[in-house]
Amino acid sequence: MDEKSAFLGTENIRKLLFKLSTPIVIGMLVQAIYNVVDTFFVGMVYGADDVQAIGGLSIAFPIQMMVMAFGIMLGTGGSSIISRALGARENEKAEKTLGNVFS
């Protein structure tokens, strides 16, 4: 087994869950903070009286989050299939799945 993937079979589940989910959580938090700051700056530029600009951001934010969630869904599903293929030592299947996730 490769050294980079050996910890998946030996590490504590709680540590693994925290270690592997941290990048996704940080990414979602950064995205939410980005949208709050974006709304703040749009409010400063157009003023509090122009609600259409902030309304546009309010419509775009859920759409942006859905696109991001779709990407996370593909990544999570792909990583599940890839990890099972690597565990079964089917490297060709893992490489093919990785290519399909990115295409």
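The values are calculated or read from the model by the stated rules, or taken from the named source; none is laboratory data. Since we're looking at a predicted model, the values are computed, not measured. No Cβ is skipped: glycine too gets one built from the backbone with ideal geometry, and neighbour counts run over all protein chains shown.
Tabulated values for the structure
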{"item": "Total residues in the stretch 17-26, condition touching a helix residue (DSSP H, G or I) at 6+ places or on another chain (Cβ under 7 Å) and either loosely packed, with under 12 Cβ neighbours inside 10 Å or among the aromatic types (F, W, Y) (or both)", "result": "0"}
{"item": "Test: residue in the stretch 27-41 that is touching a helix residue (DSSP H, G or I) at 6+ places or on another chain (Cβ under 9 Å) and farther than 30 Å from F70 by Cβ", "result": "no"}
{"item": "Check on T76, within 21 Å of the chain's Cα centre (by Cα) and in a helix (DSSP H, G or I)", "result": "yes"}
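Rundown of residues vs (1) surrounded by 10 or more Cβ atoms within 10 Å (Cβ to Cβ); (2) within 22 Å of G99 (Cα to Cα), yes/no style:
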residue: E3; (1), (2): no, no
residue: K15; (1), (2): yes, no
residue: N35; (1), (2): yes, no
residue: M44; (1), (2): no, no
residue: D49; (1), (2): no, no
residue: T76; (1), (2): yes, yes
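For (1) at pLDDT 85 or above; (2) of a type in the set (D, E); (3) on the phi < 0 side of the Ramachandran plot, each residue gets a yes or a no:
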| residue | (1), (2), (3) |
| --- | --- |
| D2 | no, yes, yes |
| A6 | no, no, yes |
| V25 | yes, no, yes |
| V30 | yes, no, yes |
| Y34 | yes, no, yes |
| V37 | yes, no, yes |
| F41 | yes, no, yes |
| G47 | no, no, no |
